[in-house]
1. Can you tell me which lysines have their Cα less than 22 Å from the Cα of A:LYS343? Leave out same-chain residues fewer than eight positions away.
2. Can you list residues whose amide H is under 5 Å from A:SER417's amide H, if they're 5+ apart or on another chain and H is modeled 1.01 Å from N?
3. Okay, helix-only estimate at 222 nm for the protein assembly as shown: each DSSP H run of n ≥ 4 adds -39500 (n - 2.57), divide by all residues, round to 500 deg cm²/dmol; what do you get?
4. Could you go through the stretch B:205-220 in sequence order and give the Karplus-derived ³J(HN,Hα) for each residue, using 6.51 cos²θ - 1.76 cosθ + 1.60 with θ = phi - 60°, rounded to whole Hz, and x for Gly and Pro?
5. Roughly how many nanometres apart are two label points built 7 Å out from the Cα toward the Cβ at B:SER139 and B:THR40?
6. Of A:TYR451, A:GLN213, A:LEU339, which is farthest towards the positive pole of chain A's charge dipole, taken about the Cα centre with +1 and -1 on the beta-carbons of Lys, Arg and Asp, Glu respectively?
7. Which entries in B:LYS78/B:LYS344; A:LYS63/A:LYS433; A:LYS110/A:LYS186; B:LYS149/B:LYS179 show an alpha-carbon gap greater than 22 Å?
8. Please average, across the residues of B:160-166, the number of beta carbons from any other chain that are within 10 Å of each residue's own beta carbon, and give a whole number.
There are 2 protein chains.
Amino acid sequence: MRLPLFSLATLTLATGLCAQSPAPDADTALLRHLYDAALTDSPAYAHLGELVSQFPGRLSGSKKLEGAVQWGKGVLEKQGVDRLELQPVMVPHWERGAPESVRFISSDGKSAALAAFALGGSVPTPAGGLRASVVELHSLDELKTTDVKGKIVFFNRSMDPKAVNPGDAYGGAGDQRNKGPGEAAKYGAVGALTRSLTHALDDVPHTGFTGYQDGVPGIPAAALSTVAANRLSAALKADPRLQAELVINSTWFDPALSHNVIGELRGSAHPEQIILVGGHLDSWDVTPGAHDDGSGVVQSIEVLRLLQAVGYKPRHTIRCVLFVSEENSTNGGKEYARLVGEKKEVHLLALESDNGGYQPIGFQLGNKAGDAPARAARWRTLLEPYRLNVLESGPGGADVGPLIDHGATVGEIITESQRYFDYHHTTIDTMDKVNPRELQLGAAAMAALVYLVDQHGL
Amino acid sequence: MRLPLFSLATLTLATGLCAQSPAPDADTALLRHLYDAALTDSPAYAHLGELVSQFPGRLSGSKKLEGAVQWGKGVLEKQGVDRLELQPVMVPHWERGAPESVRFISSDGKSAALAAFALGGSVPTPAGGLRASVVELHSLDELKTTDVKGKIVFFNRSMDPKAVNPGDAYGGAGDQRNKGPGEAAKYGAVGALTRSLTHALDDVPHTGFTGYQDGVPGIPAAALSTVAANRLSAALKADPRLQAELVINSTWFDPALSHNVIGELRGSAHPEQIILVGGHLDSWDVTPGAHDDGSGVVQSIEVLRLLQAVGYKPRHTIRCVLFVSEENSTNGGKEYARLVGEKKEVHLLALESDNGGYQPIGFQLGNKAGDAPARAARWRTLLEPYRLNVLESGPGGADVGPLIDHGATVGEIITESQRYFDYHHTTIDTMDKVNPRELQLGAAAMAALVYLVDQHGL
């Protein structure tokens, strides 16, 4: 379905923004070629299989991440690029150590284990573990009015089920994990437990980053599965004198040297101007990281292959960047942006894939003028046949976001992702959760936008 | 993101079509209430669990289907409706009987089993089975130029991977299963094997309807898993004298009495005018039918609950219809439409859910004037916040389609469905393939459209 009035409006806008646009039939045909190439004999799913089976738990500072860096370089090399670079980046190095444990001990002395993962970056418990009474809170604000001194704070606010986009619900509940332990430490708490950030009610804990406040010693922190959180909450209501025992065996090491992997196809007309596609190579230590962000990695590699497979000669340089350390520092993205500033590199578009390898529905785009989605809207009639209907405004992904300050239009692919947070940062973010066609459609969608920007600017 | 020009166009169109539209804020608020109700404490997923666990394999003529009819009636009764009806429908009664088997026998006498299901409606093989040489074809047209007399025809055309919408690929390959055996019989073939209709490469066979030609005796027909089809094809290339052996133990019985389940909320202003939501209760005999179409059933029931839960008093009658025998006759839909004609009932909208309980992305709509999607487009700004971006033209679902001839606007919900045909008509169309939030979002989307049509007409 297309409204006559809408088509007219689109046409008018396109003429206004890009009077020199060439025959739209050429665009239609090229997009079709890109999709055909993506949907037949694509290596993307097999690449994902290699990455998640050979390098699960590829956290910053780990050998698995360095293996993944070499793997990414090898795949790009074999595929064929005009330039390949390993860009040095210093990354944090935190290790979980021996498995953590969280138990609660009733006032009658009975104890029960709770499914939990230490949060990434948590300090360890003292030797022999930590035992204290528990106070359940539902917001960081409650720290101001609750006596948490000497206690373990248990942040148990659920993700809002009413948010249609689960990313909004994740953002809305995320302060408990990101900042909760650090804030609780300021008020004298000795440990922190947080409800896993997911809509799923199951016994799978979700790890993730937590940061402490400068000048305040950190406290040990772990995420409980949603089932464990409900269980602890119920037990606490029945027995307010209940205690919890945490054992976390983590270690902070010195920062480590790692590398962003960069491969590019040189532009024929403006090689100095760059269109970037990227995802992040690292994952949390406990997960295969199939959706987060193995999918983004193999899709970004695949964008270069698709352009080559259809015989397209890009006018600008098309650069694939596999960032490191998104999960616990975004140092890969920050260092990349710093060097862009230093070299005064021009990026027309920096497009990230970090929303899982699900069916794509469109793009989030941001630039300083705030008009990026409106400018891209002239391609609506080209994109809609591929079910790419959404063009939203936003700050881009975590790794490409900093490039907006260097004049780039930044963006990320938007996927249908009700299932994304069911698996996010868990042991079950596995290959079988990724549908090959959905993965390939994401790569095709990215390639389509890259092609359009390369041809017509944004 | 919304384009100023597009907003203007939408506004102009809305004014033109529906000058009497009330305050849009009321619509915005009501849609939000419907979604909130759907996303918190919805019974839809639990209902689906009841249906698929208590009544798997609820094919026309089976006790399971009659159990499902009583279950549907019971759920609607308990939920509370103004009128409840079991509408008699005569349905076909075919049974698979003892498990089928398909083997191939090499010319050196070795034999191997192939994963297969008899097609629904297939005649049985003679006692002791059927053995014949095999000829592989890729289209029905090839029957005209190939000697198939006395042979088993093996239709092995894949679903087109290049189709972005897998429904298009399903439609494109479906003639092999729907009509292939009947056509092959006309040319003297003695049996038929068809490649399962799926993009997935696995050992799961997919059954489905096949129909014979009037006046030509039917031949036994079975679907092979895609892995089995590839295996047979390779074996046949290596050994063209290879034979296949089919054993199918099916029986056709006399048509059986079944019932469409109808529950409705009576309209306050125009009770004689109906807005219908529906799905089909029956499934193939081998499948739990969680996506096909347990999801559509529980979503249709849920639409009535959502309207009640938010305290909405409909102006027109809102009718939920759980059709029977969609899979092997569409007799439920046909009989419903016949009675609509007989009673001269007026349907403003008849909206079906039969594309799986995946994330909804919009609606397909059709009416005689052909302008239904354009008319619904005045609600785009209301629907887009819920990621309902697609309004396409089409003939509605299989059960509501006939109502177009009685003046109705017909439609179906469109879902993101790359995974739908991985499970369709198989043993693995199970509960765990349905995401509760995606299911609930589908029900909310249907309720939203029903509300808008009830308030403003279509």
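1. A:LYS343 reaches A:LYS334, A:LYS368.
2. none
3. My calculation for the protein assembly as shown gives -10000 deg cm²/dmol from helical runs alone.
4. Those phi angles translate into x, 10, 7, x, 6, 10, x, 9, 7, 4, x, 10, x, x, 10, x Hz.
5. Taking the simple label geometry, B:SER139 and B:THR40 are separated by 5.7 nm.
6. Of the options given, the answer is A:GLN213.
7. Table pairs above 22 Å Cα-Cα are B:LYS78/B:LYS344; A:LYS63/A:LYS433; A:LYS110/A:LYS186.
8. Partner Cβ neighbours, averaged per residue: 5.
No value in this document is a laboratory result; all are computed from the given coordinates. All of these numbers come straight from a predicted model, not from anything done at the bench. No Cβ is skipped: glycine too gets one built from the backbone with ideal geometry, and neighbour counts run over all protein chains shown.
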